[in-house]
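Notes to accompany the following structure.
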Amino acid sequence: MPTYLDPKSALEHLKSYNEPDGLSVEDLMNNRVHGGLTYNDFLLLPGRIDFPASDVLTESKITRNVVLKTPFMSSPMDTVTETDMAISMALLGGIGVIHHNQPAEEQAAMVRAVKRHENGFITDPVVLSPTHLAEDVLDIKARLGFCGIPITDNGLLGGKLVGIVTARDVQFRDPSTPLSQVMTTDLVTAPQNITLSEANNILRDSKKGKLPIVDSEGRLVSLLARSDLLKNQSYPLASKNPESKQLYAAAAVGTRPSDRDRLSLLVESGLDIVILDSSQGNSIYQSEMIQWIKKTYPQLEVIAGNVVNREQAASLIAAGADGLRVGMGSGSICITQEVMAVGRPQATAVYRVAEFSNKFGVPVIADGGIGNVGHIVKALSLGAGAVMMGGLLAGTEEAPGEYFYHEGKRVKAYRGMGSLEAMEQGKGAPSATKGNRSKTLENAATSRYFSESSAIKVAQGVSGDVQDKGSVKAFLPYLHVGVQHSLQDVGVRSVAELQQGVREKSVRFELRTASAQVEGGVHGLNSYKKRLFST
C-alpha cells in the first residue's frame with residue numbers, strides 16, 4: 001500500500017523544489033531553443049486569488065511622463081483613428097493616435113476637437129463680440145460641436161465680459177441678427193484664482209451651462225463648462241493632462257521636411273504626444289526628427305519607432321525618444337515579413353526591446369498582433385506599457401468609414417497603411433502652393449514605407465473589411481474588465497505588479513505546442529456561437 005505525505009505539509013513540501021513550476025521569462029524567450037515566439041505560443045500560469053478583479057489597477061506608462069489608466073491605444077491608420085475614435089479612447093482611459101494620411105489642416109482640426117471635448121478650466125475659449133452675428137454661433141456649433149460662447153467687448157480673451165450666447169439664444173433667430181440683441185447679460189461668474197473644485201460647486205449650484213472666470217476688472221480669463229462635470233462622472237478613467245485637465249491628444253507624423261510644418265500646426269492645436277510613424281524606425285531621418293522636436297518643442301512627448309530589436313531601440317533612445325513603438329509585420333493586414341523577409345515575431349520583439357528600453361525609463365508600446373484580451377495581457381507581461389490596436393478596433397462605430405454589407409454581414413473597410421489603396425490615396429490630387437503651382441499631395445503611407453521616390457509601389461499591406469463590433473464605448477470597457485480578470489487569475493493586483501513578478505520569476509509561463517493551442521480553443525463542437533461580452 002503506497003505511503004502518502006501528510007496533506008498539511010503540502011505547502012512546506014512545495015519548498016523542496018528547486019524552482020517554481022513553469023518557465024521564467026528568460027527561459028521562455030531563449031531564442032536558441034524556442035526561436036521567435038508570437039502571443040499564441042505561450043501562456044501565463046495561474047497564481048493565487050485573494051482579491052476581487054475590480055481591485056486590479058490597469059494604469060501604465062506609455063512615455064516617460066504620460067500615464068494612462070487603461071493600457072489601450074488605437075493605431076494611426078486611416079480606417080481606425082480620427083476624431084470620434086480619439087475622443088472615445090481618451091474618455092475611456094486610453095488614447096487614440098490620429099493618422100496623418102490627410103491634409104495637415106484637417107489633422108490639426110481633429111486634435112483641436114479632442115482638446116476641446118473635455119476641460120477643466122478652458123484657458124483658450126472661443127470668444128465673440130457683440131457685433132458678431134447669430135450665424136457665427138451656428139457656424140461654431142457646426143464645426144466644433146458647442147455654442148455656449150462668452151461675449152467680450154472686443155471679441156477676445158482678456159476683453160471685458162458683457163454677455164454669453166447659448167443655443168437657445170440663437171434658435172429661430174435670423175442668422176444676421178447681431179449678438180448684442182440676443183446675448184444673455186445676467187451672468188454668474190467666478191473670480192480669478194478660484195480652485196477647480198470651488199468653481200465646480202458654483203457651476204452646479206447656479207444651474208448654468210457655462211461659468212466665466214473673470215479678473216478683478218471683469219475681464220474674461222477662462223471658462224468652465226457643465227458638460228465637463230457630467231463627463232467627469234460618466235468617464236472616471238479619462239486620460240487627461242494633469243495640468244490643463246483636457247483630454248490627451250496624440251497624432252502621427254512622418255519624418256519629411258514638410259512634417260515639421262505639419263507638427264507646428266498640431267502643436268498650436270494643443271498636441272500632447274507625437275508618434276513618428278515609420279515601418280522601420282532606425283533611420284537617420286527619425287533620429288534627426290527626434291532631436292529637432294526635443295529642441296523645438298521640449299514639452300512634447302515623442303514616441304518613436306517602429307523597432308523590433310535592441311540595436312534599433314538604442315539609436316532612438318539616444319536621440320531622445322520618450323517611448324518606443326514595437327512591431328514589424330505582425331498586424332493582421334501587414335505583409336512586411338512575407339514580402340520583405342524582415343521583421344520579428346511579436347512576443348519576442350516586445351520582450352527584447354522592453355528588457356532593454358526599460359533600463360532607460362523608456363516605455364514600449366506593443367503595436368500589432370493583438371487579437372483578444374489574452375494577447376493584451378501577454379504583451380503587458382513581457383514589459384509593454386500599452387498595446388496599440390488596429391484590427392481589433394476597426395469596425396466599431398467610431399472608426400472612420402461607412403458600414404456596408406458583405407456576404408450577409410455588416411462590415412467596415414479596413415486596410416493596412418502599406419496597402420496599395422492607402423499609398424494611392426490623394427494620387428494626382430492638386431494642392432495649392434505658392435506661385436499658383438500645384439503638386440501631388442504627399443502621402444503618409446508611402447513615406448511610412450520609404451516609397452515616395454519609387455516608380456513602382458511594393459505593397460506591404462492588404463485591404464479588406466472587418467465585422468461590425470458596435471461602439472468602442474462598449475467594447476473598450478469589455479477589454480478593460482477582461483484584463484482585470486486575467487491579472488486576477490495570475491494573482492497580481494496591477495500591471496506594475498505583473499511586470500515585477502515576471503522580473504522576479506514569480507510569475508511563470510508555459511510554452512504551447514500546436515496541439516496545445518488547438519486544445520486551448522473551441523473544439524469538438526458541431527457548431528457554436530461565440531459572444532465576447534454582455535452589458
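The values are calculated or read from the model by the stated rules, or taken from the named source; none is laboratory data. Computed from a predicted structure; not experimentally measured. Cβ sites come from the backbone with ideal geometry, for glycine too, and all protein chains shown count toward neighbours. Calculation scope for accessible area: heavy atoms of the full protein, side chains included, ligands and nucleic acids excluded. Shrake-Rupley method; radii C 1.70, N 1.55, O 1.52, S 1.80 Å.
Points worth noting:
- Rounded, prolate or oblate (a/c below 1.5 giving rounded, otherwise prolate when a/b exceeds b/c) for the stretch 317-393 by Cα gyration tensor: oblate
- Those lysines that a straight Cα-Cα span of less than 23 Å connects to LYS240, excepting residues fewer than 8 apart in one chain: LYS61, LYS69, LYS115, LYS210, LYS231, LYS294, LYS473
- Annotation: extensible slack from LYS359 through THR185 equals 56.8 nm (criterion: 0.36 nm per residue apart, minus Cα-Cα distance).
- Interchain or long-range residues, amide H under 5 Å from LEU57's placed H: SER494, VAL495
- For the chain, the longest principal axis of the C-alpha atoms and the axis of helix 257-268 are separated by about 70°.
- Set of aspartates and glutamates with alpha-carbon distance to LYS409 below 14 Å, sequence-local pairs under 8 removed: ASP465, ASP468
- Each Lys and Arg adds +1 at its Cβ and each Asp and Glu adds -1 at its Cβ; summed about the Cα centre, the stretch 286-429 shows a dipole of about 280 debye.
- Of all accessible heavy-atom area on the chain, the percent that carbon and sulfur account for (1.4 Å): 51 percent
- Between the stretch 232-281 and the stretch 319-355, the Cα center-to-center distance that results, in Å: 22 Å
- Net length available on complete extension from GLN467 to ASP55 is 145.0 nm, with 0.36 nm assigned per residue and the Cα-Cα distance removed.
- Peptides ranked, highest mean first, by Cβ atoms within 10 Å: ranges 505-511, 526-532, 19-25: 505-511, 19-25, 526-532
- Sequence of GLU311, GLU424 from largest to smallest accessible area, 1.4 Å probe: GLU311, GLU424
- Highest average first, the peptides 74-84, 312-322 ordered by how many other beta carbon atoms sit within 10 Å of their residues are 74-84, 312-322.
- Based on DSSP H segments of at least four residues, each scored -39500 (n - 2.57), the chain has a per-residue ellipticity at 222 nm of -9000 deg cm²/dmol.
- Efficiency of FRET from Cβ geometry, LEU5 and LEU196, R₀ 60 Å, rounded to 0.05: 0.45
- C-alpha long axis of helix 284-296 to longest principal axis of the chain, angle in °: 50 degrees
- Nearest 10 degrees, 0 to 90: helix 134-144 Cα axis against the chain principal axis: 10 degrees
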